[in-house]
Amino acid sequence: MADRNPVAESEVRAAVAAFNAAVVAGDEAALGAMLGDELFYGHSNALMEDKPTCIAHLVRGRIDFRDEPGAEVQIHGETAIVHSKTMAHNPKPDGSVAIVPLDMVQVWVKRGGAWSMVARHTTKLPS
């Protein structure tokens, strides 16, 4: 059963927002600091990436993940599970943007006072 911990929930929500901002900015150092070395990063097309591959992809793509209101955060001790709906705004080479609706689950672990994402998986939703 999930713990009711408003402080941890707030910290995790801030970590998710920081992740999204780092992706948009293409901030390799920030992504490196917040993603766990053991990262499993699953895309909606079934592609699985490790941490180095994921960071390179995110820095290159600069996808703008816009989470919809109502994300659920469950705290289990030093682990958090985040479930949300998000719209991925993917920039295309021609300057247009492809918008992809996603269902997303992230797993974050608190280490040394900071939250690290160790797993993420998305499923493409019907448009």
Exercise. Which of (1) within 16 Å of Leu58 (Cβ to Cβ); (2) touching an Asp or Glu at 6+ places or on another chain (Cβ under 9 Å) does Ile81 not meet, given it meets every other one?
Worked result: (1)
Problem set entry | Met48 touching a residue at least 40 places away in the same chain (Cβ under 8 Å) and either more than 18 Å from Val16 (Cα to Cα) or of a type outside the set (Ser, Thr, Tyr) (or both) | no
Exercise. Across the stretch 55-73, which residue is farthest from Ser84 (Cα to Cα) among those that are surrounded by 14 or more Cβ atoms within 10 Å (Cβ to Cβ) and at pLDDT 95 or above?
Worked result: Ile55
Seminar exercise, completed: When (1) of a type in the set (A, V, I, L, M); (2) free of Cβ contacts under 8 Å to residues at least 24 places away in the same chain; (3) touching a helix residue (DSSP H, G or I) at 6+ places or on another chain (Cβ under 9 Å) are applied to Val23, the one that fails is (2)
Exercise. What do you reckon, is Ala30 surrounded by 18 or more Cβ atoms within 10 Å (Cβ to Cβ) and aliphatic (A, V, I, L, M)?
Worked result: no
Seminar exercise, completed: If we keep only residues of the stretch 97-127 that are β-branched (Val, Ile, Thr) and farther than 20 Å from Asp37 by Cα, then the residue surrounded by the most Cβ atoms within 10 Å (Cβ to Cβ) is Val100
Exercise. Somewhere in the stretch 90-102, is a residue within 23 Å of Leu125 (Cα to Cα), modelled with pLDDT under 95, within 14 Å of the chain's Cα centre (by Cα) and of a type in the set (D, E, K, R)?
Worked result: no
Exercise. Do the conditions hold for Ala30, that is, is it in contact (Cβ under 8 Å) with a residue 60 or more places away in the chain, hydrophobic (A, V, I, L, M, F, W, C) and over 16 Å from Val118 (Cβ atoms)?
Worked result: no
For this session: Restricting attention to the stretch 9-37, report how many residues are under 16 Å from Ala80 (Cα atoms) and assigned to a helix (DSSP H, G or I).
Result: 12
Problem set entry | Unique match (being among the aromatic types (Phe, Trp, Tyr), closer than 16 Å to Ala114 by Cα and under 15 Å from the mean Cα position of the chain (by Cα)) among Phe65, Phe19, Phe40 | Phe19
Seminar exercise, completed: Quick count over the stretch 64-97, residues being closer than 16 Å to Val23 by Cα and out of contact with any Ser or Thr (no Cβ under 9 Å at 6 or more places or on another chain), is 7
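The values are calculated or read from the model by the stated rules, or taken from the named source; none is laboratory data. Please read all numbers here as calculations on a predicted model, not as lab measurements. No Cβ is skipped: glycine too gets one built from the backbone with ideal geometry, and neighbour counts run over all protein chains shown.
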